[in-house]
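Written out below as structure tokens is the structure these notes cover.
The values are calculated or read from the model by the stated rules, or taken from the named source; none is laboratory data. Nothing here was measured: the structure is a model prediction, and the numbers come from that model. For neighbour counting, all protein chains shown are included, and Cβ atoms are generated from backbone atoms with ideal geometry for every residue, glycine included.
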Amino acid sequence: MRTHHKHVLMCTGPRCTQDGAEAEALFKVLGQTIDACEGLRVKRTRTHCFAVCKQGPLMVVYPDGVWYRNLDAASVRRIVDEHLAGGRPIEDKIFHRTGLGDVEPEPQP
């Protein structure tokens, strides 16, 4: 097994988006964007649910423990370029940090 610098978990379950279709499309964008960054060693894994429904699509980056929400294709590309490749998390999309808790309250309906 090759060594990875980061491990990205993305929810592709049916609750974050309509039947998970949008999240699955973003998972493909994530893979394509990672592959386009020469030398970037990131493992990506589909998950079913992070139990933070209706804030998705969601992504978690380890070992950083950074949780992103409400993602679209542009934000996924930005996370790959700036966080995974550049080491700078995208603060405006972060809602939780492992070990620190929520950095922004959950939006009210």
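Taking (1) assigned to a loop (DSSP other than H, G, I, E, B); (2) touching a residue at least 60 places away in the same chain (Cβ under 8 Å); (3) of a type outside the set (Phe, Trp, Tyr) in turn, residue 57 satisfies each apart from (2). Total residues in the stretch 38-67 satisfying the condition of being farther than 13 Å from residue 16 by Cα and buried (at least 19 other Cβ atoms within 10 Å of the Cβ): the figure is 5. Flag not set for residue 87, criterion: loosely packed, with under 13 Cβ neighbours inside 10 Å and in contact (Cβ under 8 Å) with a residue 12 or more places away in the chain.
Whenever a residue of the stretch 10-30 is in a helix (DSSP H, G or I), its partners that are polar (S, T, N, Q), lying with C-beta atoms within less than 6 angstrom and at least six residues away or across chains, give the pairs 20/12; 23/12; 23/17; 24/12; 27/12. Which residues, counting only those in the stretch 25-60, are of a type outside the set (Gly, Ala, Ser), modelled with pLDDT of 90 or more and over 24 Å from residue 92 (Cβ atoms)? Answer for the stretch 25-60, where residues must be of a type outside the set (Gly, Ala, Ser), modelled with pLDDT of 90 or more and over 24 Å from residue 92 (Cβ atoms): 35, 38, 41, 43, 45, 46.
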